[in-house]
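Written below as C-alpha cells is the structure these notes are about.
Nothing in this text is a laboratory measurement; each read-out follows from the coordinates by a stated rule. Only a predicted model underlies this, so the values are computations on that prediction, with no experimental measurement involved. So basically every Cβ, Gly included, is an ideal-geometry build from the backbone, and we count neighbours across all protein chains shown.
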Amino acid sequence: MTYASTVSMKVNGERRDLEVDNRTSLLDALREHLHLTGTKKGCDHGQCGACTVLVNGVRINSCLTLAVMHDGDEVTTIEGLGQPDNLHPMQAAFVKHDGFQCGYCTPGQICSSVAVLEEIKANLPSHVTVSLTERTRISEAEIRERMSGNICRCGAYSNIVEAIVEAAGTRA
Amino acid sequence: MRAFTFERASSVEAAAKSVASNPDARFIAGGTNLLDLMKLEIETPTHLIDVNGLGLDKIEATTDGGLRIGALVRNTDLAAHETVRRDYGLLSRALVAGASGQLRNKATTSGNLLQRTRCPYFYDTNQPCNKRQPGSGCSALGGISRQLGVMGVSEACIATHPSDMAVAMRALDAVVETVKPDGTIRSVKIEDFHRLPGDTPHIETVLERGEFITAVSLPPPVGGRHIYRKVRDRASYAFALVSVGAIIQSDGKGRVAVGGVAHKPWRLEAADVELPKGAKAASGALLAGSRPTEQNKFKIDLVERTLGAVISEARG
Ligand SMILES: Cc1cc2nc3c(=O)[nH]c(=O)nc-3n(C[C@H](O)[C@H](O)[C@H](O)COP(=O)(O)OP(=O)(O)OC[C@H]3O[C@@H](n4cnc5c(N)ncnc54)[C@H](O)[C@@H]3O)c2cc1C
Ligand code: SF4
Ligand code: FES
Ligand code: FES
C-alpha cells in the first residue's frame, strides 16, 4: 500500500481525476490541485466555515475531510454555484445587501446558506426549532442558528441574514 | 500531519482485524475529530480504514419496540428521523445543540461517542498532558480549568467528555453494540462505555483494540417531556460548560443526565429518585462528592439552576 491514492470526483459538473497524497484534505485538493481558490481556508480545523462546500448537495467543512474519501462524489464550490455574469440568486442577494466586507468568509457563507434553505425545506430540525413534530418554517432565528457554523470576522451578519431572507423569497 | 496508508473497509470483520493487527491503525468515520487531531499530530495513525461504505447508516425499529441506530448514521439524519423526533426528542435536541450544520452532516453516531476531550492542554502540544502523553503530568490541575470536570476526576486528569449526544443517550439508557476482531459481538450499556480517568486517562472507553461499533440501540420509548438545555459561552457553535438532559413525566418523576462535568455523561440513580423534590435535591444527589477547582466550582450552582429551568419548563 502507498501513501498516495487516485480519486475521481465530479467538481462543478466536470469529472476530475486526481492523484493525491492521502493526507490531502478536500479543501487542499480543490484549492491546490484544481486551482478552485474560491473556497477559502480560514482555520483548517472546522471552526470557521470558510471552507464550506456542497458534497452530493450536502454542506460540509472541506478542511475536515480527506480527498480520498470522496471518490465518485459530486462537489459544488462557489465557482459552480454561479459566475460573475450568471450569479446564483444567493450570490446576487449577498451583493445587493452588502453581505460582506473583506469577502473572505463569503464563499463559505453562500454555499452554507444555499444548503440552509434546502435543509429547512427538507424539514431538518435546528436548535431553535420550536416543535420537533411540526414543519420547520423559515425565520430569521432559524437562519441565524443554522448559519452559526460560518464565522465572519467583519461582522457582516445582519446583512448576511437579510440576503438569505431575500433569497428565500420570504419576508421573515 | 504524518503520512498514512488508506484503505476502504470491505466488511466489519476485515476492518476490525485490520485495526487489531496494527497498533497505529484507526477507523475513520466522519473524520471531523480524528483529522482535526491528526493535523495537530495529537493522533498519529500510520493507516486509516474508511468505514463509511459498510452500510451501517440505517435506523431501524427493533422487535422489542426500541430503535437501532447504525454507527455511521450522520448526526443530522439521526436528529431529523421521524421516530427520534417523536419518541426520543431528547436525542434530537441534544444533537442539534452540538457543533454546526456542516459538522453534523459529517459526524457519525460512533464518532460522536468516541470524540476526544476539549481540554485546552490536550490540544496544546507544548504542555504536559497525561491523556495525550501518559505520565507527563496534568497541566489543567493548577492551570486553566474553567471548562473542566468536577465529578469522577482524578489526580491524573480532570477532563470532560464533550459530547452532547452522549448525554441524551445516557438518559435514554442506550446500548452500544460492537464486534471484536475475533468476530465476537457484545453489547455495552452506555453507563459502562466511557471510563473515568483514574490513573489511565488515555484509556477513555471499555473498547478493546480493533473493537468496532456497529450500532447504538435504544430501549422502547418512555414518554414524558424531553428537554435538553445547554449552557455555553455563546448561543451556538460552542461546547457546553454544563448541559442538562432530562425526561420528566407528568407526576414529576423522571431521569436526568448532565454533560460538561465528568469524563462521561453523568447520571446517578440516586439523583433520579430525588427529581420529584426539585432541582436542589436532585442536583445535590447528582453532584455529591464533587471535586471542583477554584475556576470551575461555578458548575455546581450552574447545574442546579439549569436543572431548575428544565423542571419549570417541563411543568409549564
Ligand atoms: C469546531 C467544532 C465544534 C464542535 N462542537 C461540538 C459540540 O458542541 N458538541 C458536540 O457534541 N460535539 C461537537 N463537536 C465534535 C463533533 O461532534 C465530533 O467531531 C464528531 O461527532 C465526531 O464524529 P466523526 O464521525 O466525525 O468521528 P471521526 O473523527 O471519524 O472519529 C472519531 C474517533 O472514533 C473512532 N471511530 C469512529 N467510528 C468508529 C466505529 N464505528 N467503531 C470504532 N471506532 C470508531 C475513530 O477511529 C476516531 O478515533 C465539534 C467539533 C468541531 C470541529
Ligand atoms: S485534564 Fe486531562 S486532558 Fe487536560 S491536561 Fe490534564 S490530563 Fe490532559
Ligand atoms: S477552514 Fe474549514 S472550518 Fe475553517
Ligand atoms: S466579510 Fe470579512 S470575514 Fe466575513
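A few points about this structure:
- Kirkwood-Stokes translational diffusion coefficient of the protein assembly as shown, alpha-carbon pairs, 20 °C, 1.002 mPa s, µm²/s: 92 µm²/s
- Whole-number percent relative contact order across chain B, with pairs defined as alpha carbons under 8 Å at least 6 apart: 18 percent
- Over 25 Å (Cα to Cα) - which of B:58/B:253; A:41/B:264; A:41/B:106 fall in this group: B:58/B:253; A:41/B:264
- Chain B: radius of gyration over Cα atoms, expressed as a fraction of 2.2 N^0.38 Å: 0.97
- Its Cα centre serving as origin, the stretch A:4-81 has a Cβ charge dipole (Lys and Arg +1, Asp and Glu -1) of approximately 240 debye.
- Packing-based exposure ordering (other Cβ within 10 Å, fewest first) of B:315, B:104: B:315, B:104
- Student exercise, the protein assembly as shown dipole from Lys, Arg, Asp, Glu Cβ charges, in Debye to nearest 20: 1160 debye
- Sequence-distant aspartates and glutamates (8 or more away, or on other chains) whose Cα lies within less than 14 Å of residue A:121: A:134, A:142
- Shape class of the stretch B:212-255 from the Cα gyration tensor (axes a ≥ b ≥ c, square roots of the eigenvalues): oblate, since a/c reaches 1.5 or more and a/b does not exceed b/c.
- Computed about its Cα centre, the charge dipole of the stretch B:194-262 is approximately 400 debye, with only Lys, Arg, Asp and Glu carrying charge at their Cβ.
- For B:88, B:237, A:3, order by how many other beta-carbon atoms lie within 10 Å, fewest first: A:3, B:237, B:88
- Distance from the Cα centroid of the stretch A:91-157 to that of the stretch A:1-31 is 29 Å (rounded to whole angstrom).
- Ignoring aspartates and glutamates fewer than eight residues from residue B:299 along the same chain, the ones with Cα atoms less than 18 angstrom from its Cα are B:164, B:233.
- Of B:204, B:13, B:294, the one that fluctuates the most in a GNM where chain B has Cα springs shorter than 10 Å: B:294
- Rounded D (µm²/s) - the stretch B:63-150, Kirkwood Rh over Cα pairs, Stokes-Einstein at 20 °C, 1.002 mPa s: 139 µm²/s
- Here the convex hull built on the C-alpha positions of the stretch B:201-316 has a volume of 150 cubic angstrom per residue.
- The value given for chain A is a Kirkwood hydrodynamic radius of 16.6 Å, derived from the mean inverse Cα-Cα separation.
- Residue of A:58, A:128, A:116 that the Gaussian network model of chain A assigns the largest fluctuation, springs spanning Cα pairs under 10 Å: A:128
- Cα-based Rg and Dmax for the stretch A:89-168, where Dmax is the largest Cα-Cα distance (Å): 12.3, 40
- Footprinting exposure proxy ranking of B:258, B:73, fewest other C-beta atoms within 10 angstrom first, gives B:73, B:258.
- Rounded if a/c under 1.5, otherwise prolate or oblate - the stretch A:65-126, Cα gyration tensor axes: oblate
- Most positive-pole-ward Cα, B:47, B:293, B:128, against dipole of the protein assembly as shown from beta carbon charges: B:293
- Of the peptides A:59-72, B:269-282, the ranking by mean beta-carbon count within 10 Å, highest at the top, reads A:59-72, B:269-282.
- A Förster radius of 22 Å combined with the Cβ-Cβ distance from residue A:33 to residue B:39 puts the calculated FRET efficiency at roughly 0.75.
- Principal axis box of the stretch A:4-81, alpha-carbon based, largest edge first, Å: 29, 26, 20
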